[in-house]
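Written out below as structure tokens is the structure these notes cover.
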Amino acid sequence: MALTHGPLVPTPDEHNATSSRDKLKGMVLYTDTLVGRLVAALDELKIRERTIVIFTTDNGTSGGLRGTVGGKRPSGGKASKYEGGVCQPFIVNAPGIVPGERETDALTDFSDLLPTFAELGQAQLPKGVTLDGKSFAPLLLGQADDSPRDWIMALGHGAGRLDKDGVRGTRDFADRVFRDKRYKVWLGNKPEITALYDLKNDPLELHNLLKSTKAEHLAALKKFRGIIDSQPKIDGRPLYRPRKANPWDKSVNAQPAKEKKPRPKRNRRRQRKAAQQ
């Protein structure tokens, strides 16, 4: 079971679920149960006060299983560049370290996690290595009101190819979006802006402002074009090779269950009897 990922299946707590929606609901509830067990274990080990628990996900919900936010269904989902696909929950809890009962609109990116964890753990990052991420540890610790980011970026979907050597990118420039706290721009397979959205007034991204002549929209476009110009014009296309097995990995030769074919109806016998009569 990969919570809360397909294939949707019944859980030990709701093993009678049959519909996709009920299975998803059960998997979400079972995820909560497992998080509860984890937190209970931290309490039992008496390390709860000095352990940071982070709950997040890597993309939006797929297909027709999306819910609502504030009574409205968000645009997009898994594999889309709408906010429903790229803006994800990020919940942090550590009673003795992180001040609670706070919400923030600070911009963060998954590449920020490595430098953030390093700073929280007082670890030294490798010298001579340039990281895209920026630590937001001061934000978590209540020492800052915002992250060090003024913008974030998210790539599109389906830009990789698997062959005998591994996985490699297939496009010189993958489609992507850039956003700040107010505006968001879309790019296709060229470093050119194809859409501008005002996320404050148009959170569903329905009204493209690319041709607007308003000063604030022109200023937003100028800002994002400057960001785009600072980026490489051609994406890196590294080859991702299969890694070697870990010592604890186990080889499992699983075969899909064969569906039982229904027995053919005895039409021939009935036809013979009818012919004899």
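The values are calculated or read from the model by the stated rules, or taken from the named source; none is laboratory data. It should be emphasised that the depicted structure is a prediction, and the values quoted were computed from it without experimental measurement. Every residue, glycine among them, receives a Cβ derived from its backbone with ideal geometry; neighbour counts consider all protein chains shown.
Residues that are part of a loop (DSSP other than H, G, I, E, B) and of a type in the set (Gly, Ala, Ser) were ranked within region 1-30; the one that is farthest from Lys78 (Cα to Cα) is Ala17. Beta carbons closer than 6 Å, at least 6 apart along the sequence or on distinct chains, pair a first residue in region 128-155 that is farther than 22 Å from Ile52 by Cβ with a second that is modelled with pLDDT under 95 and aliphatic (A, V, I, L, M) for Ala154/Val86; Leu155/Ala174. Would region 108-120 turn up any residue that is over 23 Å from Leu239 (Cβ atoms) and assigned to a loop (DSSP other than H, G, I, E, B)? Yes, the conditions are met somewhere in region 108-120.
Is it the case that Ala137 is farther than 22 Å from Gly60 by Cα, outside the structural domain of Asp235 (by TED's automatic domain parsing) and touching a Phe, Trp or Tyr at 6+ places or on another chain (Cβ under 9 Å)? Yes.
Hey, can you tell me all the residues within region 1-40 that are of a type in the set (Gly, Ala, Ser) and either in contact with a strand residue (DSSP E or B) (Cβ under 7 Å, 6 or more places away or on another chain) or surrounded by 12 or more Cβ atoms within 10 Å (Cβ to Cβ) (or both)? Result: Gly6, Ala17, Ser20, Gly26. In region 210-222, is there at least one residue being part of a loop (DSSP other than H, G, I, E, B) and either surrounded by 13 or more Cβ atoms within 10 Å (Cβ to Cβ) or in contact with an Asp or Glu (Cβ under 8 Å, 6 or more places away or on another chain) (or both)? So far as region 210-222 goes, yes, one or more of its residues are part of a loop (DSSP other than H, G, I, E, B) and either surrounded by 13 or more Cβ atoms within 10 Å (Cβ to Cβ) or in contact with an Asp or Glu (Cβ under 8 Å, 6 or more places away or on another chain) (or both). Looking at region 43-53, is at least one residue more than 19 Å from the chain's Cα centre (by Cα), part of a helix (DSSP H, G or I) and not acidic (Asp, Glu)? Taking every residue of region 43-53 in turn, at least one turns out to be more than 19 Å from the chain's Cα centre (by Cα), part of a helix (DSSP H, G or I) and not acidic (Asp, Glu). Here's a check for you: in region 145-178, which residue that is among the small types (Gly, Ala, Ser) and in contact with a Ser or Thr (Cβ under 8 Å, 6 or more places away or on another chain) is surrounded by the most Cβ atoms within 10 Å (Cβ to Cβ)? Here the answer is Ser147.
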